[in-house]
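The values are calculated or read from the model by the stated rules, or taken from the named source; none is laboratory data. These numbers were taken from a predicted model, which means no experiment stands behind them. Neighbour counts run over all protein chains shown; Cβ positions are idealised from the backbone, glycine included.
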Amino acid sequence: MSLLVTLAADVLVAILLVASIVSSVRLSRRITRMKADEAGLRQTIGDLVVASSTAERAIIGLRATLDECDRTLADRLGTAERYAADLSAHVQAGETVIARISAIVSHAQPSRIAPSSVELRPSEFRTAPVHGEEMPRIVASSPNGERLGVAAAAALAMSERALGRLRSRAA
């Protein structure tokens with residue numbers, strides 16, 4: 001029996017030895033894979049560091065561009081506000097001139113302007129091109145009518161100059 005026990009013990013030791021060799025080979029392969037994964041992981045970490053530094057530089061550039069755009073926009077808004085104030089002042093001045101002309105016309109004495117001397121006949125209407133459009137021009141035969149016509153022409157010219165400036169600024 002002792003031979004059987006010895007033989008069984010040797011077989012058992014051989015089986016355990018083979019099992020330990022197989023598990024050692026497996027562990028060796030896993031360790032090799034882990035080392036390869038570690039190298040890959042180090043490469044990935046290095047790539048991430050490079051990418052994050054590139055992203056930081058890009059963010060700094062975007063912030064600088066944003067600041068420049070903000071300054072440019074603020075300048076343009078300030079210019080637009082100044083133009084709006086100037087335009088408002090010009091409109092106010094135009095309204096004042098129109099009010100004065102209206103007051104002059106309304107205060108004109110009817111006795112100085114005879115109805116027959118201010119008559120306007122269709123033959124006295126003339127048109128002149130103004131910015132590509134035909135605008136009627138009225139010519140009266142009395143001195144007061146001529147002054148009113150000159151005042152109306154001056155008001156029309158001022159409004160057209162203002163309109164021209166608006167169109168040139170809009171373009």
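Applying the selection to region 126-161, what residues are under 33 Å from the mean Cα position of the chain (by Cα) and at pLDDT below 85?
Taking region 126-161 as the starting set, the residues that turn out to be under 33 Å from the mean Cα position of the chain (by Cα) are 131, 159-161.
Passing the criteria: only H131.
Against the condition at pLDDT below 80, among the aliphatic types (A, V, I, L, M) and in contact with a helix residue (DSSP H, G or I) (Cβ under 6 Å, 6 or more places away or on another chain), how does V118 come out, does it pass? Working first, answer last.
Working: at pLDDT below 80: yes; among the aliphatic types (A, V, I, L, M): yes; in contact with a helix residue (DSSP H, G or I) (Cβ under 6 Å, 6 or more places away or on another chain): yes.
It is true that V118 is at pLDDT below 80, among the aliphatic types (A, V, I, L, M) and in contact with a helix residue (DSSP H, G or I) (Cβ under 6 Å, 6 or more places away or on another chain).
Among the residues of region 28-43, is there at least one that is part of a helix (DSSP H, G or I), of a type in the set (V, I, T), over 30 Å from A170 (Cα atoms) and free of Cβ contacts under 8 Å to residues at least 40 places away in the same chain?
Taking region 28-43 as the starting set, the residues that turn out to be part of a helix (DSSP H, G or I) are 28-43.
Checking which are of a type in the set (V, I, T) leaves us with 31-32.
Next cut, over 30 Å from A170 (Cα atoms) only: 31-32.
Cutting the leftovers down to free of Cβ contacts under 8 Å to residues at least 40 places away in the same chain gives us 31-32.
For region 28-43, residues part of a helix (DSSP H, G or I), of a type in the set (V, I, T), over 30 Å from A170 (Cα atoms) and free of Cβ contacts under 8 Å to residues at least 40 places away in the same chain: present.
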